[in-house]
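Enquirer: Pasting a structure here, questions to come.
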Amino acid sequence: MKITREKEIDLQAILLVELEEEDLGQYLEKGYKKAVQRVNIPGFRKGKVPRSMLEQYIGKEGLLNEVLDTMVPEVASEAVDSQDLNPSSYPQIEIISMDPFNFKATVPLQPEVKLNDYTSLRIPLNIPETTDQDIEAEIKQLQERSSTWKPAEREAQFDDLLTITAVGNVEGETKMNESDVVFLMDPQSNRPMPGFVEALVGSKVDENKAFNIEIPEDFPDQSIAGKKMEFNVSISEIKERDLPELDDEFAKTVGDGHESMDALRESVKNDLILSTETQTKREYQNSVIESLIELAEFKFPPLLIEHEITRINEERDRIFQQMNIRVDDYLKSINKTAEEMQNDVKEEASTRIKQSYLMKNISESENIEPSEDLIEERIKEYIQENQSEQNPIQETEDLRESIQRSLVSEQTIEKLVSIASSNEITNPSKNEDGEVNDDKKEKIDNDD
């Protein structure tokens with residue numbers, strides 16, 4: 001195998017690879033074994049054609065085509081290893097010639113990441129206080145979830161549950177035709193379109209109500225966006241919530257049960273404090289990482305971005321297929337074009353890669369290595385939580401590496417949060433020659 005390494009461009013190594021006859025031997029044999037099972041040649045039984053005859057019949061190129069999907073990645077991997085490269089992703093292959101067999105491999109190398117002074121980042125961490133109003137609002141939601149519906153002998157109001165028949169026309173064409181559908185008068189809802197809920201306030205049972213709505217220009221259904229829809233709606237039933245009394249009996253029905261309303265309020269308060277702290281810290285972590293990405297400098301090989309874009313698109317298509325969603329329908333629902341969606345994908349791909357390499361470089365800079373005891377503990381926890389009689393889980397090297405990566409990421413984030421939320425600035429001290437002493441740090445209070 002002959003390998004010519006060209007000049008690197010944009011953090012991508014270019015390898016020109018040519019296979020000689022002795023290199024091709026094993027692949028021609030593999031190609032023959034595949035082709036001989038399906039190629040019919042007069043005078044020979046299927047599977048019994050000699051290789052020399054088959055190669056004469058379909059050519060060397062025909063035999064190689066049988067194994068290209070496995071042969072090229074294998075040869076490319078050998079070529080990359082021989083050049084002592086450190087790729088960040090798989091190479092892009094361009095076959096130049098089948099005889100002699102040669103191809104070009106473009107290999108994306110490791111990105112260049114300059115962290116800059118990430119230890120100087122400071123972001124206030126403020127966890128909101130849980131107020132009495134927050135507690136009462138949560139209890140009200142518990143009360144509403146325990147409510148039933150009863151007929152209301154009055155006009156329709158917000159938060160009522162209506163049974164309606166609705167017809168909507170745009171420029172003489174019927175765009176909406178619903179009969180006896182249950183409709184919640186949610187004041188925060190824009191369904192089926194902005195203004196519809198408000199228009200039904202004050203309506204009565206068995207009364208036809210006609211009204212027009214100017215549809216916004218940015219409405220997801222562009223066929224009617226910016227136009228006027230004429231509605232004719234009749235209500236056959238109006239229901240209102242029948243809320244339970246907020247007393248000790250109610251408290252006993254919530255969750256696992258509480259002895260009294262005071263006990264319920266205390267439980268709700270503790271849950272809110274915990275959820276608020278968890279949510280705030282999660283948002284804070286994201287804010288820290290976003291700020292560090294802005295602070296750092298990145299240079300990526302173009303192929304690395306392309307591969308991440310492909311991965312994101314494949315993830316999305318797989319989800320759409322599972323949920324039986326058409327791409328066109330999805331684009332309408334988010335009011336975007338295919339080009340705009342792809343621009344979003346490119347931005348997401350860039351963000352994912354930046355975050356991944358930011359965390360990798362910081363974990364290396366901080367020498368973050370989870371202890372073996374902690375790794376073993378997490379492995380046991382994972383196996384206990386996920387295995388079953390039908391699905392026993394064994395400890396494998398892949399599982400260990402996955403747990404280790406997860407712990408490195410977790411501890412790196414903890415370190416970054418500790419740095420960003422600190423009231424102190426850490427500066428490396430210097431020796432007599434002006435060099436940084438990594439093992440000595442000088443702390444300066446911000447208040448100074």
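The values are calculated or read from the model by the stated rules, or taken from the named source; none is laboratory data. Worth saying up front: this structure is predicted, and the values here are computed from it rather than measured. Cβ placement follows ideal geometry from the backbone for every residue including glycine, while neighbour counts extend to all protein chains displayed. For the accessible areas, the whole protein counts, side chains as well, though only heavy atoms, and no ligand, DNA or RNA atoms are used. Shrake-Rupley method; radii C 1.70, N 1.55, O 1.52, S 1.80 Å.
Enquirer: In this structure, does Thr276 turn out to be surrounded by fewer than 16 Cβ atoms within 10 Å (Cβ to Cβ) and modelled with pLDDT of 95 or more? Break it down stepwise before answering.
Expert: Values: surrounded by fewer than 16 Cβ atoms within 10 Å (Cβ to Cβ): yes; modelled with pLDDT of 95 or more: yes.
It is true that Thr276 is surrounded by fewer than 16 Cβ atoms within 10 Å (Cβ to Cβ) and modelled with pLDDT of 95 or more.
Enquirer: Oh, and also: Any residue that is in contact (Cβ under 8 Å) with a residue 24 or more places away in the chain, assigned to a helix (DSSP H, G or I) and of a type in the set (A, V, I, L, M, F, W, C) - is there at least one of those in the range 224-242? Lay out the reasoning, then the answer.
Expert: Here is the first cut: in the range 224-242, the residues in contact (Cβ under 8 Å) with a residue 24 or more places away in the chain are 224, 227-242.
Next, only the ones that are assigned to a helix (DSSP H, G or I) stay: none.
Looking for residues that are in contact (Cβ under 8 Å) with a residue 24 or more places away in the chain, assigned to a helix (DSSP H, G or I) and of a type in the set (A, V, I, L, M, F, W, C), one finds none in the range 224-242, hence no.
Enquirer: So, in the range 192-233, how many residues would count as being open to solvent by 30 Å² or more (accessible area, probe 1.4 Å) and over 30 Å from Lys336 (Cα atoms)?
Expert: 9
Enquirer: Residues to consider are Asn126, Asn40; find the one that is farther than 30 Å from Lys7 by Cα, in contact (Cβ under 8 Å) with a residue 12 or more places away in the chain and not aromatic (Phe, Trp, Tyr).
Expert: Asn126
Enquirer: Mind listing just one residue for me: the one in the range 142-158 that is open to solvent by less than 80 Å² (accessible area, probe 1.4 Å) and part of a loop (DSSP other than H, G, I, E, B) and, of those, nearest to Asn232 (Cα to Cα)?
Expert: Restricting to residues being open to solvent by less than 80 Å² (accessible area, probe 1.4 Å) and part of a loop (DSSP other than H, G, I, E, B), the top hit is Ala156.
Enquirer: When you check Asn116 against the structure, is it touching a strand residue (DSSP E or B) at 6+ places or on another chain (Cβ under 8 Å), of a type outside the set (D, E, K, R), without any contact (Cβ under 8 Å) to a residue 60 or more places away in the chain and within 30 Å of Ser291 (Cα to Cα), yes or no? Show your work before the answer.
Expert: Details: touching a strand residue (DSSP E or B) at 6+ places or on another chain (Cβ under 8 Å): yes; of a type outside the set (D, E, K, R): yes; without any contact (Cβ under 8 Å) to a residue 60 or more places away in the chain: no; within 30 Å of Ser291 (Cα to Cα): yes.
Criteria not met by Asn116.
Enquirer: On to the next question. Taking the options Ile164, Ile123, Ile139, name whichever one is open to solvent by less than 50 Å² (accessible area, probe 1.4 Å), part of a loop (DSSP other than H, G, I, E, B) and β-branched (Val, Ile, Thr). Walk me through it before giving the result.
Expert: Numbers: Ile164 fails: part of a loop (DSSP other than H, G, I, E, B); Ile139 fails: part of a loop (DSSP other than H, G, I, E, B).
Just a single option satisfies the conditions, and that option is Ile123.
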